[in-house]
Amino acid sequence: MSKQVPRQRSGQQGFTLVELITVMVIVGILGAAAATRWFDRAGYDAPAFTEQAKALIRYGQKVAVAQNRSVFVRLDGASVALCFADAAACPVNRRVPAASGSNSGEKTTLNRCDQSAIWACEGTLGGVSYVTSPATAMFSFDSLGRPGVGGAGFSKMTMTVKAGANSASLVVEAETGYVH
């Protein structure tokens, strides 16, 4: 006698318990791996601040050309700010207004930019730091958009932004002031 395998009735479909458990285990592993990236802001904060700094420095160069006057870029390690005066503490009446009428308005920006939301200034995000090479606290763009430091020449400046294990960089070229 041969054993007969019972036939499935028509309309009966589904997955076996082994298949369901296998899919649940795979989804759990993928979820655990994705969750660590999803909740780790450091991977996003360094590039985000770098892009903000690039936009702000480019804006400073454009204001210098448009208004036919020098614009100073202040790099104090905690913020990037634009000023019409060569001073570490930019006087209120010499601040470059923000491009859209206000900066990001984030808590860290307001704390690092004297609580002013209308000044072209952006503070570093929490856990973000930067260093410049060569080390400079301030440089300027002249009325032709060329960079300089205290009336002297300007060598290429590189800003390295770090957040956790992630980093991003910004470069201001000598002579042209091209920011990339």
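The values are calculated or read from the model by the stated rules, or taken from the named source; none is laboratory data. Quantities reported herein were computed from a predicted structural model and do not represent experimental measurements. Glycine gets a Cβ as well: all are built from the backbone with ideal geometry, and neighbour counts include every protein chain shown.
Residue 95 is checked against (1) touching a Phe, Trp or Tyr at 6+ places or on another chain (Cβ under 6 Å); (2) within 25 Å of residue 134 (Cβ to Cβ) and fails just one. What number does that condition carry?
In the conditions (1) touching a Phe, Trp or Tyr at 6+ places or on another chain (Cβ under 6 Å); (2) within 25 Å of residue 134 (Cβ to Cβ), residue 95 misses (2) alone.
Every residue, every condition in (1) at positive phi; (2) touching a Lys or Arg at 6+ places or on another chain (Cβ under 8 Å), yes or no:
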| residue | (1), (2) |
| --- | --- |
| 104 | no, no |
| 113 | no, no |
| 120 | no, yes |
| 157 | no, no |
| 177 | yes, yes |
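If you take the residues of the stretch 1-59 that are outside any loop (DSSP other than H, G, I, E, B) and aromatic (Phe, Trp, Tyr), which of them is modelled with the lowest pLDDT? Give the derivation first.
Here is the first cut: in the stretch 1-59, the ones outside any loop (DSSP other than H, G, I, E, B) are 17-38, 42-59.
Remaining after also requiring aromatic (Phe, Trp, Tyr): 38, 44, 49, 59.
Working: 38: 71, 44: 80, 49: 90, 59: 95.
Selected residue: 38.
Report yes if some residue within the stretch 94-104 is of a type outside the set (Ser, Thr, Tyr), closer than 23 Å to residue 162 by Cβ and free of Cβ contacts under 8 Å to residues at least 24 places away in the same chain; otherwise report no.
Going residue by residue through the stretch 94-104, those that are of a type outside the set (Ser, Thr, Tyr) are 94-99, 101, 103.
Those left that are additionally closer than 23 Å to residue 162 by Cβ: 103.
Subsequent filtering for residues that are free of Cβ contacts under 8 Å to residues at least 24 places away in the same chain retains 103.
The answer is yes, given that some residue of the stretch 94-104 is of a type outside the set (Ser, Thr, Tyr), closer than 23 Å to residue 162 by Cβ and free of Cβ contacts under 8 Å to residues at least 24 places away in the same chain.
Just to be sure, is residue 73 over 21 Å from the mean Cα position of the chain (by Cα) and surrounded by 12 or more Cβ atoms within 10 Å (Cβ to Cβ)? Give the derivation first.
Details: over 21 Å from the mean Cα position of the chain (by Cα): no; surrounded by 12 or more Cβ atoms within 10 Å (Cβ to Cβ): yes.
No; evaluated as a whole, the condition is false for this residue.
Which of (1) modelled with pLDDT under 85; (2) touching a strand residue (DSSP E or B) at 6+ places or on another chain (Cβ under 8 Å); (3) surrounded by 14 or more Cβ atoms within 10 Å (Cβ to Cβ); (4) of a type outside the set (Val, Ile, Thr) does residue 82 not meet, given it meets every other one?
(1)
Given the residues 146, 112, which is the only one that is closer than 28 Å to residue 175 by Cα and of a type in the set (Lys, Arg)?
Details: 112 fails: closer than 28 Å to residue 175 by Cα.
Result of the check over 146, 112: 146.
From (1) exposed (fewer than 12 other Cβ atoms within 10 Å of the Cβ); (2) more than 20 Å from the chain's Cα centre (by Cα); (3) under 26 Å from residue 177 (Cα atoms), pick out the condition that doesn't hold for residue 26.
(3)
Taking residue 73 and the conditions (1) in contact with a His (Cβ under 8 Å, 6 or more places away or on another chain); (2) in a strand (DSSP E or B), which numbered condition does it fall short on, given that it satisfies the others?
(1)
When residue 93 is evaluated against the numbered criteria (1) in contact with a Gly (Cβ under 9 Å, 6 or more places away or on another chain); (2) farther than 15 Å from residue 53 by Cα; (3) in a helix (DSSP H, G or I), which criterion, by number, is the only one it fails?
(1)
Yes or no, residue by residue, for (1) of a type in the set (Val, Ile, Thr); (2) within 20 Å of residue 178 (Cα to Cα):
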| site | (1), (2) |
| --- | --- |
| 63 | yes, yes |
| 70 | no, yes |
| 86 | no, no |
| 90 | no, no |
| 97 | no, no |
